[in-house]
Structures are given as structure tokens and as C-alpha cells.
1. Output the residue which, of all residues in the stretch 15-50 that are within 22 Å of Trp97 (Cα to Cα), charged (D, E, K, R) and not in a loop (DSSP other than H, G, I, E, B), is farthest from ligand 1 (Cβ to nearest atom).
2. Test Asp76 against the stated conditions and say whether it is in contact with a His (Cβ under 7 Å, 6 or more places away or on another chain), charged (D, E, K, R) and within 16 Å of ligand 1 (Cβ to nearest atom).
3. Within the stretch 177-194, can one find any residue that is within 26 Å of Gln272 (Cβ to Cβ) and over 19 Å from the mean Cα position of the chain (by Cα)?
4. Just to verify a result, which residue in the stretch 29-51, among those that are within 10 Å of the chain's Cα centre (by Cα) and more than 16 Å from ligand 2 (Cβ to nearest atom), is farthest from Met115 (Cα to Cα)?
5. Residue pairs, Cβ under 7 Å, 6 or more apart or interchain, first in the stretch 251-264 and without any contact (Cβ under 8 Å) to a residue 12 or more places away in the chain, second surrounded by 14 or more Cβ atoms within 10 Å (Cβ to Cβ) and outside any helix (DSSP H, G or I). List them.
6. Mind telling me which of the residues Tyr75, Tyr27, Tyr88 ends up being under 20 Å from Leu274 (Cα atoms) and of a type in the set (Phe, Trp, Tyr)?
7. Could you tell me which of the residues Arg14, Arg26 is within 15 Å of ligand 2 (Cβ to nearest atom) and either without any contact (Cβ under 8 Å) to a residue 24 or more places away in the chain or among the charged types (D, E, K, R) (or both)?
8. Would it be correct to say that Val19 is surrounded by 16 or more Cβ atoms within 10 Å (Cβ to Cβ), modelled with pLDDT of 95 or more and in contact with a helix residue (DSSP H, G or I) (Cβ under 9 Å, 6 or more places away or on another chain)?
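The values are calculated or read from the model by the stated rules, or taken from the named source; none is laboratory data. Predicted model only: the values in this text are computed from it and were never measured. Here Cβ is always computed from backbone atoms with ideal geometry, including for glycine, and neighbour counts include all displayed protein chains.
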Amino acid sequence: MKHDNFELKFWGVRGSIPVSGPEFDRYGGNTSCIELRHGGRRILFDAGTGVREAAAALRTDGIGEIDLFFTHTHYDHMIGLPFFDPIYSSDVTVNLWSGHLAGKSTTHELVDQFMRPPWFPVDPEICRATLGFHDFKAGDVLKPHPGIVMRTVTLNHPGGCIGYRIEWAGRIVALVYDTEHMAGKADDAALFLMKDADVAIYDATYTDAEMPKRLGFGHSTWQEGIKLAKLAGTKRLAMFHHAPERTDDQLDEIQAAAQAEFPGAFVAFDEQTLQL
Ligand SMILES: [Zn+2]
Ligand SMILES: [Zn+2]
């Protein structure tokens, strides 16, 4: 990999619960996990079921230090953590970061509560990796590695969720999920994250037609993502966090409709790589 590379990899693009079966083959069924590779460093966002495959790639590439940022800790963004092999390896350092429950729960408490009997056979004491627990609050500007700047905001989601804007060497990635929009009003937090971004990863769980029955669930639509992308000057829009029942054929239709309105739109799929 070239040293100035900035690459994004989707390891899980599904929302709510993983799915499998022939109707989900092409876009994939793993829940949220996104990897950023920059200058030889790796950052993961969320530990949905996709994080298991991410771990295999990290091992193959001999990565010894990993930063994992949670947007929030609903099951679909956390369920893969006990199956993330690096936490059991004594030669790896894993830094875990969260900010959605600032002042209520620390990252360490969240992991301890989640990974223990009777929900899981063993508790985090069994982890042999060097685990670092880091807490921040929405609004903080994080600099986890030299040259990388991460801006954070709170998104509109039950229990809170952090949206990230990651800037590195003049390139910008925005993570804008899980979030619910207000009908008829562009979300200021989303616009802040997406301003002039090279790619924005947006919560496209629903369609506008489905939205009235889903108010309060904390998710948005692909149509809203396109409106925001146009307002914010976003170059590419990755539709993400697909509803579990959404089939490949339906996602093809959504992609075609979205691209007719905004050529930079695409439906994210498992194991997709983007060069930034
Ligand atoms: Zn989710
Ligand atoms: Zn959620």
C-alpha cells in the first residue's frame, strides 16, 4: 500500500440484525463495520458481525495496533466484539473508543457489561491483548494518529449515537448513521459532517414511503441522504445500514433510482473497497 493511501473498506453494511441467504448474496448480510486505512494505520468503526472478517484481514496484514471507535453500542454495532480475534492475542493492542454515553457509561463499563455471563461464556478478563479504553464526548476533536483529525457530533438516535467526520491529507469521510431526520428540515449535524466530504456513509435504512410507519426508530432514508449530499457538496454518497429484509434486487432498484438523482450515490456492499 502506498504511504499516502486513504482507503475505506466496508466489512458490514446491514442494519439491525445480520441476514443470510441467496437474496442477500451480493450486498451482504453482516452488520456495521467499516475500516479506514491511512498511511499504514488502521481504524475500525463499529464491531457489528462484519468485524470478524476484518480481524482476519488485520491478522494477514500483521497489524499490531488497532483503534476501534463505536458510533454507539446497540447490538448491531457491538455483537461482533467478542468474536474479534485480536482481543485474545497477547501481541496486539486494541484501543476502544466511545462517546455516545459520555457522563453515563465509560467505554470500559460498556464492554464489561456486554461481554459477560449469562450473555457470553467468558468475561473480558480472558482477553490477552493490551486493551485501551478511551472516552470522549460529542463535540470533541480527536487526533488518534498523527495527521488524522476526527470531528464528532451527536446524531438523532435513541440513546445517542456519534457521527464522525474524518479528515486526513485533504480527504474527508463522513459517517452519518444511525440517525433519524425531521421531515422538511435538513439536519445541521449531518450537514456539518458531510460538508465537501469525498464520501458520506449515510443511514439509508428506509425509503421515504416507509418512513411514516417508522418514526422514532432512529433511522433515515436514501432520499434524505441525497438531499443532504446536494446541500453539503458531498462527492459520493454510500447508502448504508440496509434494512434486514431489503433484498439484492430491491437494493439494485434503490441504487438506480438514487443515481438518477445524484450520480455519486451507490449502495454499499460487504467487502467493498473505496480509494479516497
Ligand atoms: Zn444500527
Ligand atoms: Zn442504533
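1. Taking the stretch 15-50 as the starting set, the residues that turn out to be within 22 Å of Trp97 (Cα to Cα) are 15-16, 30-50.
Right, trim to charged (D, E, K, R) and you get 35, 37, 41-42, 46.
Subset that is not in a loop (DSSP other than H, G, I, E, B): 35, 37, 41-42.
Working: Glu35: 17, Arg37: 23, Arg41: 26, Arg42: 22 Å.
Among residues in the stretch 15-50 that are within 22 Å of Trp97 (Cα to Cα), charged (D, E, K, R) and not in a loop (DSSP other than H, G, I, E, B), the one farthest from ligand 1 (Cβ to nearest atom) is Arg41.
2. Working: in contact with a His (Cβ under 7 Å, 6 or more places away or on another chain): no; charged (D, E, K, R): yes; within 16 Å of ligand 1 (Cβ to nearest atom): yes.
Considered against the rule, which asks whether it is in contact with a His (Cβ under 7 Å, 6 or more places away or on another chain), charged (D, E, K, R) and within 16 Å of ligand 1 (Cβ to nearest atom), Asp76 comes out as no.
3. So the first thing to find is which residues in the stretch 177-194 are within 26 Å of Gln272 (Cβ to Cβ), and the list is 177-181, 187, 189-194.
Narrowing the set further to residues that are over 19 Å from the mean Cα position of the chain (by Cα) leaves none.
No, the stretch 177-194 contains no residue that is within 26 Å of Gln272 (Cβ to Cβ) and over 19 Å from the mean Cα position of the chain (by Cα).
4. Going through the stretch 29-51, the residues within 10 Å of the chain's Cα centre (by Cα) turn out to be 31-35, 44-48.
Of the ones still in play, those that are also more than 16 Å from ligand 2 (Cβ to nearest atom) are 35, 44.
Details: Glu35: 22, Leu44: 19 Å.
Once the filter is applied, the top-ranked residue is Glu35.
5. Filtered contacts from the stretch 251-264: Gln259/Ala265.
6. Details: Tyr75 fails: under 20 Å from Leu274 (Cα atoms); Tyr88 fails: under 20 Å from Leu274 (Cα atoms).
Selected residue: Tyr27, the only one of Tyr75, Tyr27, Tyr88 that is under 20 Å from Leu274 (Cα atoms) and of a type in the set (Phe, Trp, Tyr).
7. Values: Arg26 fails: within 15 Å of ligand 2 (Cβ to nearest atom).
Answer to the selection: Arg14.
8. Working: surrounded by 16 or more Cβ atoms within 10 Å (Cβ to Cβ): yes; modelled with pLDDT of 95 or more: yes; in contact with a helix residue (DSSP H, G or I) (Cβ under 9 Å, 6 or more places away or on another chain): no.
No: the conditions fail for Val19.
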